[in-house]
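Right, one structure below, let's go through it.
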Amino acid sequence: MSSQVLLDTAAVLGHSRDRSQADDMGRWNVGTPARTRVLRWVAGVLQSLPAGSWVLLDVVLLYIGSYLGFALLVHGRIPPETHVGMWQAWVILSCTHVFAGLVFGLWERETLYARSRILTRLMLTTVTAAVLTYAVVYAPLYTTVSRRVVALAIGVLVVAGGSSRLLVCWALHAIRRGLVIVGPGVVSNSLVRAFADGFLGEYRLIGYVDDNGGGSAGIEGLRRLGRTADLPDICRRYAVQDVVVGAEAASNRRTINAVLPCLRRGCRVTNEATFYEKATGQILIDEITPHWFLFADLEVHCQRRQTLKRAFDVVTSVLGIVAAVPLVPLIALLIKLDDGGPVLYVQERVGQNGRPFALFKFRTMHVGAEADGAVWAVRGDPRVTRVGRVLRRTRLDELPQLVNVLMGHMSIVGPRPERPDFVVSLSAEIPYFNERHLVKPGLTGWAQINFRYTSSVEDAKRKLQFDLYYVKHMSIELDLMILLRTLGVFLRGAC
């Protein structure tokens, strides 16, 4: 999997956007003051920085803090033989910080779009890194490290790293990439909904252009800026940086001729489906056809990749089972004390290529909760027990599924397995729903970390769009990213 795809997937978790900025266009024209033009350039540069730049900045700041700590607080005061060296302390602290940062999503681009998210994830990362550092220093190395050195190193990181992120947050909110849709197509309203859901916070959705005038329904909630022939002037007037071309408009030669000058102005031009996929981490179901599955270069049947994935599943499930052994008696006792019912819940689910299998879970609902048939799980489900509510929030109810993974029914990462009756009904209402079964279902997945519980057919359709993205881009690298994000969900849910 390419680094660009990883950067694209890391950018799909958005934040809320301010619609009023899309209508305040006067300050974005060519007559904007020099200060605003400079700010726009700075924001563009910061926006395009890869995640590795922020990792490097944090590692450098930790080095500066560690160097100052040893120079000011250690040398001449603590015997060197009783203390880890500066390089050892810096390497250990840097490694634990990188691990914790990946878990809590510190370097995802969406982190930079909200001050609260910056501060929360930075604090979670640094506290976790400090705890892990002492665990490594004390346990495997049988030595110690000065608390004042660690505190100073983390302090430098929090102050300098936090300030730089807050500055970037301000710049990105001050100047966002202007975006115009050309020739609205069948997926344009999905694109607008993605803006409303906060997936595209780095853009200003300015409006759309087409040649239908009043004879077109247009795009709901979005204003028409003019005709396609006016596009170059519109790009200049509103400082447009991204042009998204609808599927129908892309087949019109006159439209393409109007779009080409935008490339010479430095605009990025893509079609709706490509832009939506990269920006939101979803595949637009309304846009794809059976040809998509034939020509999307899917690697679901690549023997080498399947062998690596199976080895990854076996090793991870064995380690997970070993780690979960101390928790199982406690969870079982709590479930029994809660209502006296059975500890485990066995339910039929649909696996790879439509084959059913028995899925194991810790029971989280009251006994007989589904006596009248299966219903959607919803937030605040009254069927869930008190202990079950905690187990669901922390994902501990899914620990027995590690056995399913070891048996080969499931993978660690993949689409969540659905119940047969749901699959029958959803397949009839949602196109290509069965294609999610091209891969093994997973204990966690791309849809799970990006979307809520499925409680309707529309929710199932949205989750399918995430699942198909995973089917297209599945790789060990993406699996590791999803696992780290799932660990972050678990830790935040346990707090």
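Below, the figures for the structure above:
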{"read-out": "Of residues in the range 395-432 being within 20 Å of Trp446 (Cα to Cα) and of a type in the set (Val, Ile, Thr), the one surrounded by the most Cβ atoms within 10 Å (Cβ to Cβ)", "value": "Val413"}
{"read-out": "Flag if Asp338 is touching a Ser or Thr at 6+ places or on another chain (Cβ under 7 Å), within 20 Å of Asp397 (Cβ to Cβ) and either in a loop (DSSP other than H, G, I, E, B) or modelled with pLDDT of 85 or more (or both)", "value": "yes"}
{"read-out": "Some residue of the range 363-376 being buried (at least 17 other Cβ atoms within 10 Å of the Cβ), assigned to a loop (DSSP other than H, G, I, E, B) and within 25 Å of the chain's Cα centre (by Cα)", "value": "no"}
{"read-out": "Selected residue (criterion: nearest to Ile234 (Cα to Cα)) from residues of the range 201-221 that are of a type in the set (A, V, I, L, M) and modelled with pLDDT under 75", "value": "Ile219"}
{"read-out": "Lone qualifier among Arg462, Arg452, Arg416, Arg436 - being in a loop (DSSP other than H, G, I, E, B), within 23 Å of Ile288 (Cα to Cα) and either under 15 Å from the mean Cα position of the chain (by Cα) or basic (Lys, Arg) (or both)", "value": "Arg416"}
{"read-out": "Residue count for the range 260-315, restricted to those that are within 22 Å of Ala249 (Cβ to Cβ) and among the aromatic types (Phe, Trp, Tyr)", "value": "4"}
{"read-out": "Check on Thr394, β-branched (Val, Ile, Thr), under 30 Å from Val457 (Cβ atoms) and touching a His at 6+ places or on another chain (Cβ under 9 Å)", "value": "no"}
{"read-out": "Subset tally (residues that are part of a helix (DSSP H, G or I) and surrounded by fewer than 16 Cβ atoms within 10 Å (Cβ to Cβ)) for the range 144-154", "value": "3"}
{"read-out": "Residue within the range 224-243 that is modelled with pLDDT of 80 or more, among the acidic types (Asp, Glu) and under 30 Å from Thr111 (Cα atoms) present", "value": "yes"}
{"read-out": "Complete set of residues in the range 341-359 that are in a strand (DSSP E or B) and among the polar types (S, T, N, Q)", "value": "Gln347"}
{"read-out": "Residue in the range 255-268 that is part of a strand (DSSP E or B) and either of a type in the set (Lys, Arg) or within 25 Å of the chain's Cα centre (by Cα) (or both) present", "value": "yes"}
{"read-out": "Number of the condition not met by Arg265 [criteria: (1) within 20 Å of Arg224 (Cβ to Cβ); (2) in contact with a Cys (Cβ under 7 Å, 6 or more places away or on another chain)]", "value": "(1)"}
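The values are calculated or read from the model by the stated rules, or taken from the named source; none is laboratory data. Since the structure is predicted, the reported quantities are computational estimates derived from the model, not experimental observations. Every residue, glycine among them, receives a Cβ derived from its backbone with ideal geometry; neighbour counts consider all protein chains shown.
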